[in-house]
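Reviewing the structure listed below.
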Amino acid sequence: MSDHPSASAGPGANAFDIQLQRLFAQTPAMPDAMAFAERLQRRLDRRWAFRRVMITSAGVAGALITLWQVMSAHLIAQADIASQAPAAQARHAFAVALMRVHMATNLIQALPFGGEALWLIAGLAVMAAALLATRLFETL
Amino acid sequence: MVASPSSNSPSRAPPLSGLHDVELAALAAAGGRGAFGELARRHGAGVRALLRRMGADASLADDLAQDAFLAAYEHIAEFRGEGPFGGWIKRIAARLYVRRWRRRAQLDPIEARDDDALLDGPSTDEGDAVARLDLDEALRLLSPSERVCVSLCFGAGMSHAEAADALKAPLGTVKSHARRGLEKLRKRLVPIAVLPVPVGRLAQ
């Protein structure tokens with residue numbers, strides 16, 4: 001038996017098979033054809049808009065991370081300069097930096113959970129956001 | 001909003017309605033959502049009709065047709081015009097329907113049944129010719145398995161192997177269902193076998 005559907009019904013079946021294909025190819029008139037196309041167009045536009053928002057968001061996030069890295073590098077450079085400054089200035093800069101670290105540590109310790117939990121929550125939030133974005137994309 | 005052909009300046013580009021499917025697909029691949037909208041206008045009804053003929057209700061057929069067009073838009077660059085766009089989008093839609101259908105059903109096991117008994121049904125007298133020409137009515141006489149197999153092979157233009165792959169079913173089972181369904185349809189639609197085949201229609 002051939003793999004072609006037309007060959008499945010034996011000799012003499014081709015004419016009927018072709019007629020059947022022709023019947024399947026005939027498209028009944030659908031009065032809401034324009035509404036269907038417009039709905040599809042809206043979904044395409046929404047997807048495109050969503051994609052643009054996601055790409056823009058990713059770009060902004062990347063820029064912020066880059067900026068943070070640049071600023072961190074600048075701070076390190078400043079600390080390096082301070083270390084070469086007179087001892088009094090260096091001591092002052094070190095004390096200020098130490099105080100900032102101490103305040104940040106106190107803030108984290110003031111939370112009802114530790115620093116690791118904070119990172120865990122942040123990670124889970126990122127995963128949830130990614131899942132939500134995926135679901136939204138699927139829906140759109 | 002659907003970009004109507006009149007929204008394009010005639011002096012710069014031909015209206016979308018005057019372009020061939022392959023040209024529209026190329027425009028869509030370059031980001032032209034209006035061109036894809038024109039493809040949806042041309043082939044939307046055909047896809048929806050196929051899904052209904054496969055057994056989907058009107059609402060499900062519309063939803064799956066939408067999903068099929070969205071999937072096609074994502075992969076429009078893969079359409080190179082080697083076959084008609086209508087056939088390509090119908091195969092995508094048919095696979096979507098089959099994937100959904102398989103979640104709640106599967107092909108009936110083939111039993112050694114008397115084919116004549118399968119063909120029992122309403123009369124096929126000459127006076128009933130108009131009714132017999134209605135493919136949609138005739139398809140309702142088929143079992144769900146036969147209906148899906150026949151629709152995949154004759155509506156979506158799949159080979160038996162492609163249909164078996166889509167249905168995740170043995171090739172022999174698909175062939176048997178297609179043959180039984182075809183025999184039932186032949187009995188019901190026999191008057192059309194003597195009609196001439198319009199070559200233009202088949203070329204589509």
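The values are calculated or read from the model by the stated rules, or taken from the named source; none is laboratory data. If you're wondering where the values come from, they're calculated on a predicted model, not measured in any experiment. Positions of Cβ are backbone-derived with ideal geometry, glycine not excepted, and every protein chain shown enters the neighbour counts. Keep in mind that these areas ignore ligands, DNA and RNA; they rest on the heavy atoms of the full protein, side chains included. Shrake-Rupley method; radii C 1.70, N 1.55, O 1.52, S 1.80 Å.
Per the listing A:Ala61, A:Ala128, the residue uniquely modelled with pLDDT of 75 or more, assigned to a helix (DSSP H, G or I) and closer than 30 Å to B:Gly31 by Cα is A:Ala61.
Scanning region B:107-153 for residues that are in contact with a Ser or Thr (Cβ under 8 Å, 6 or more places away or on another chain) and modelled with pLDDT of 50 or more returns B:Leu107, B:Asp108, B:Pro109, B:Ile110, B:Leu139, B:Cys153. The C-beta contact set for region B:53-66 (first residue under 15 Å from A:Met34 (Cα atoms), second residue surrounded by fewer than 20 Cβ atoms within 10 Å (Cβ to Cβ), distance under 8 angstrom, 6+ apart or interchain) comprises B:Gln66/A:Arg39; B:Gln66/A:Arg43. Could you check, for region A:101-122, whether at least one of its residues is loosely packed, with under 12 Cβ neighbours inside 10 Å, closer than 30 Å to A:Arg47 by Cβ and modelled with pLDDT of 70 or more? Yes: region A:101-122 contains one or more residues that are loosely packed, with under 12 Cβ neighbours inside 10 Å, closer than 30 Å to A:Arg47 by Cβ and modelled with pLDDT of 70 or more.
Mind listing just one residue for me: the one in region B:1-41 that is touching a Lys or Arg at 6+ places or on another chain (Cβ under 8 Å) and modelled with pLDDT under 90 and, of those, most open to solvent (accessible area, probe 1.4 Å)? The qualifying residue most open to solvent (accessible area, probe 1.4 Å) is B:Met1. Close Cβ contacts (under 8 Å, 6 or more residues apart or on different chains) running from residues in region A:33-59 that are in contact (Cβ under 8 Å) with a residue 24 or more places away in the chain to residues that are open to solvent by less than 40 Å² (accessible area, probe 1.4 Å) comprise A:Arg43/A:Leu140; A:Arg43/B:Gln66; A:Arg43/B:Leu70; A:Arg46/A:Leu140; A:Arg47/A:Leu140; A:Arg47/B:Leu70; A:Phe50/A:Leu140; A:Met54/A:Ala133. Scanning region B:42-85 for residues that are part of a loop (DSSP other than H, G, I, E, B) and in contact with a Leu (Cβ under 9 Å, 6 or more places away or on another chain), we see that the one that is surrounded by the most Cβ atoms within 10 Å (Cβ to Cβ) is B:Ala56.
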